Amino acid sequence: MIFEIASENRKGDMTKKVQTAISPNRQEDYPEWYQQVVRASDLAERSPVRGCMVIKPWGYSLWENISRSLDDKFKATGVKNAYFPLFIPLNFLEREAEHVEGFAKECAVVTHHRLEKGPDGGLIPAGPLTEPLIVRPTSETIIGESFSKWISSYRDLPLLINQWANVVRWEMRTRIFLRTSEFLWQEGHTAHASAKEAQERTLLMLDVYADLAENHLAMPVLKGKKSPAERFPGAVDTFTIEAMMQDRKALQAGTSHFLGQNFARASQIRFQNQDSQEEYAWTTSWGSSTRLIGGLIMTHGDDDGIVLPPMVAPAHIVLLPIFKNEAETPRVMAYVESLAAELRDQSYGGRSIGVEIDDRDTGGARGWDWIRKGIPIRVEIGPRDIAKNAVFFARRDRGHREKTSMERNRFVSEIPGLLAEIQESLFEKARMFRETHTREIDDKKSFYDFFTPGGDSEFEIHGGFARSHWCGSDGCEGRIKDELGVTIRCIPLGKAAEAGRCIGCGDPSDRRVVFAKAY
C-alpha cells in the first residue's frame, strides 16, 4: 500500500516523501525494482531449477495474448506452424562451425538415458548415449534436416514454417523474463528459391515484429541491421527491433536473419530449379520470446507495479463490489454481474472485453493488488453508484487517486474508446521518453561523457541512444564496447547517407548508427 513518511531534504527541512507500492523504486535501484515488480504483479517466480522460472497464470495469460497476436500475423503472411524435437544430435551442430561456436558455451548436454541406484541409495546416471544430445538452444540445424527431405524442386518453395517451443541456453547470470536458462519463444524458418525472395521475407518478418511491439505492446522500436560483430552466428545479415527501457538501456525485442545459403549447405537443402539445375536454397530464421514481457514491464511499469497495454492485458477491467453488510450483497452483486455481462458483449482489439470480478473482503488491499497487476481499468461499485445507475472507475495509466464517475450505459458503450485511449497514451509516453533520451553526438568526449555518469559533463542525464558516426571497423566497435560497455544496437533502416567522422577513430564515415548500453 502507499503511505507517506517524513524525510529530510538536503537543506535539513522536513518534507513528505511518498512511499510507493514497489520498493525500492526505479530511481533507487532499477534492477531490484524490476524483480519486485515481477513478484508483486504475480507474473512469475523463480523455480527450484537454477536460472529457470515458473510463469504464473497472470503472466502466462499475458504471454498467450502476445503469442496469439503474433501467430495471427505470421499466418496472414502464409506461415504454417510445425513442431521439431527438443533434442538435437551433436553432429548436427558440428556441421555449421560458426553457428555452434556462437552457442557452445550455453548448451545443455544429455549424455545418459536412465538412472540407477548408487552405492549410497541415491540415483546416478547410467546408460551412456552413443552420441550426446543437445537440448535445443535454437533449431536451425534440426529443422534444416527436415527441410532437406521436404524440398526437392522449386515447386516446393517457398517453405514457410514456424514453431512455438521452449529453448535452453545455460545462462550464468539470470533475470526473470529477460535472461533465463529456459524460456519460451517462437522461431520461424523459411526456404526460398532466390536470395531476393529470402531477403524480402527477412524484412517482412521484421515488420511483423515492429507491428506487434508498437501496436500491441505500445513499445516504440527502431528497425535496423546489426553490425557484423552483433550478427546471429552463421547469418549473412541480422535485422533487429530495438526498444529503450526506462533506465535508458536498449532491449533487443525481436530479430530476423537472412542466412544466405550457409545453413542450406550445412544441411544439404537443395532443389532443382526451373532450368533443371540443382542449387542450394536460400533460408531465413526469425524469433521473439518471453523477453517481450520483460520489455513491457520496463517500458510501462511504474513505482506501483506493471502497467499493461489493453491490447495484450490478460483482462481489461476488474469490477470491485463494495458493500457494508450482508443485506447489501445480493443487490450489489446482481448489478455487478449484469454489468460484467454487458461489458463482455463489447470488444476491443479483436477480442471480447475481459472482465474480472473481485469480491474478496480485503478492504483497500484488494484495489492495490490490481494496481500492481496493471489491469487497465478498475471499477468500484457500491450502493451509491447503483442508486445513480453509475460506475466509479480509475485508469491504470493515470494516478491512482484520479477516479471518475460515469453513467452506466455510457461507460459500457465507451469502454472500447477508453481502452484505445489508454493504449495510445502508453505508446506516446514511451515514444516521448525515447526521443528525450536520444542524442546526435559527433565528438568523442561528449560521446564518452554521455555514457559515463559523474564528472564534468554537459549531460544532466546520462545514457540513452546515441546516434553517432561509425567507420565500419570491428576495432572501433570493440574498443567502445570494452571501454564503455556500449554496443552498436543497429544501423537504422531507411536513413539517408550522411558524411561525418567516426566517433571512435575520427576516420570518414557515411552513416550514423545507434549506440547504447543494452540488456
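The values are calculated or read from the model by the stated rules, or taken from the named source; none is laboratory data. Note that the coordinates shown come from a computational prediction; the quantities given were computed from them, not determined experimentally. Positions of Cβ are generated from backbone atoms using ideal geometry, with glycine treated the same way; all protein chains shown enter the neighbour counts. In case anyone asks, the SASA skips ligands and DNA or RNA and just uses the protein heavy atoms, side chains included. Shrake-Rupley method; radii C 1.70, N 1.55, O 1.52, S 1.80 Å.
Looking across the stretch 439-472, the residues that are in contact (Cβ under 8 Å) with a residue 60 or more places away in the chain and of a type in the set (V, I, T) come down to I441, I461.
For the stretch 368-391, a residue qualifies if it is farther than 19 Å from P330 by Cα and either at pLDDT below 95 or hydrophobic (A, V, I, L, M, F, W, C) (or both), and the qualifying residues are W368, W370, I371, I375, I377.
If you go through the stretch 44-87 and keep only what is among the basic types (K, R) and in a helix (DSSP H, G or I), you end up with R68, K73, K75.
Per-residue answers, yes or no, for (1) out of contact with any His (no Cβ under 8 Å at 6 or more places or on another chain); (2) loosely packed, with under 14 Cβ neighbours inside 10 Å; (3) farther than 17 Å from V412 by Cα; (4) in contact (Cβ under 8 Å) with a residue 60 or more places away in the chain:
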| residue | (1), (2), (3), (4) |
| --- | --- |
| M311 | no, no, yes, yes |
| L319 | yes, no, no, yes |
| F323 | yes, no, yes, yes |
| E342 | yes, no, no, yes |
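Could you run through the stretch 21-46 and say how many residues are of a type in the set (D, E), in contact with a strand residue (DSSP E or B) (Cβ under 7 Å, 6 or more places away or on another chain) and surrounded by 14 or more Cβ atoms within 10 Å (Cβ to Cβ)? Residues in the stretch 21-46 being of a type in the set (D, E), in contact with a strand residue (DSSP E or B) (Cβ under 7 Å, 6 or more places away or on another chain) and surrounded by 14 or more Cβ atoms within 10 Å (Cβ to Cβ): 0 in total. So, of the residues in the stretch 380-398 that are under 19 Å from V336 (Cα atoms) and of a type in the set (D, E, K, R), which turns out to be most open to solvent (accessible area, probe 1.4 Å)? Top of the filtered list is R384. Determine whether the stretch 300-320 contains at least one residue that is on the phi > 0 side of the Ramachandran plot, of a type outside the set (D, E, K, R) and in a strand (DSSP E or B). Within the stretch 300-320 (the criterion being on the phi > 0 side of the Ramachandran plot, of a type outside the set (D, E, K, R) and in a strand (DSSP E or B)), the answer is yes, since at least one residue qualifies.
Report whether or not L204 is among the aliphatic types (A, V, I, L, M), over 25 Å from T141 (Cβ atoms), in contact (Cβ under 8 Å) with a residue 60 or more places away in the chain and not in a loop (DSSP other than H, G, I, E, B). When the stated conditions are applied, L204 does not pass them.
Evaluate the following for A327: is it surrounded by fewer than 19 Cβ atoms within 10 Å (Cβ to Cβ), part of a helix (DSSP H, G or I) and among the small types (G, A, S)? Criteria met by A327. When we screen Q277, Q252, Q268 for residues that are modelled with pLDDT of 95 or more, within 25 Å of the chain's Cα centre (by Cα), open to solvent by 10 Å² or more (accessible area, probe 1.4 Å) and not acidic (D, E), the only hit is Q252. In the stretch 411-428, the residues that are in contact (Cβ under 8 Å) with a residue 60 or more places away in the chain reach residues that are surrounded by 14 or more Cβ atoms within 10 Å (Cβ to Cβ) and assigned to a helix (DSSP H, G or I) with C-beta atoms within less than 7 angstrom, at least six apart or across chains, in these pairs: V412/E342; V412/L343; I415/L343; L426/H300; F427/E214.
Within the stretch 47-81, the set of residues being surrounded by 14 or more Cβ atoms within 10 Å (Cβ to Cβ) and more than 20 Å from the chain's Cα centre (by Cα) comprises S47, T77, V79. Looking for something assigned to a helix (DSSP H, G or I) and among the small types (G, A, S) - is there at least one such residue anywhere in the stretch 349-365? Scanning the stretch 349-365, I find at least one residue that is assigned to a helix (DSSP H, G or I) and among the small types (G, A, S), so the answer is yes.
Across the stretch 148-179, the qualifying residues are those that are β-branched (V, I, T) and assigned to a loop (DSSP other than H, G, I, E, B), and the one among them that is most open to solvent (accessible area, probe 1.4 Å) is T174. Check whether at least one residue in the stretch 224-238 is assigned to a strand (DSSP E or B) and either on the phi > 0 side of the Ramachandran plot or touching a Pro at 6+ places or on another chain (Cβ under 7 Å) (or both), and report yes or no. Yes, the stretch 224-238 has at least one match. Taking strands (runs of 3 or more DSSP E) as the structural unit, those lying wholly within the stretch 399-514 and holding at least 2 residues that are charged (D, E, K, R), surrounded by 12 or more Cβ atoms within 10 Å (Cβ to Cβ) and out of contact with any Lys or Arg (no Cβ under 6 Å at 6 or more places or on another chain) correspond to 403-407. When the stretch 113-147 is filtered for residues that are free of Cβ contacts under 8 Å to residues at least 24 places away in the same chain and part of a helix (DSSP H, G or I), nothing remains. Within the stretch 65-85, the set of residues being in contact (Cβ under 8 Å) with a residue 60 or more places away in the chain and either touching a Lys or Arg at 6+ places or on another chain (Cβ under 6 Å) or under 15 Å from T290 (Cβ atoms) (or both) comprises N65, I66, S67, S69, L70, D71. Does L93 satisfy the criteria of being over 26 Å from the mean Cα position of the chain (by Cα), more than 30 Å from A315 (Cα to Cα) and in a strand (DSSP E or B)? Criteria not met by L93.
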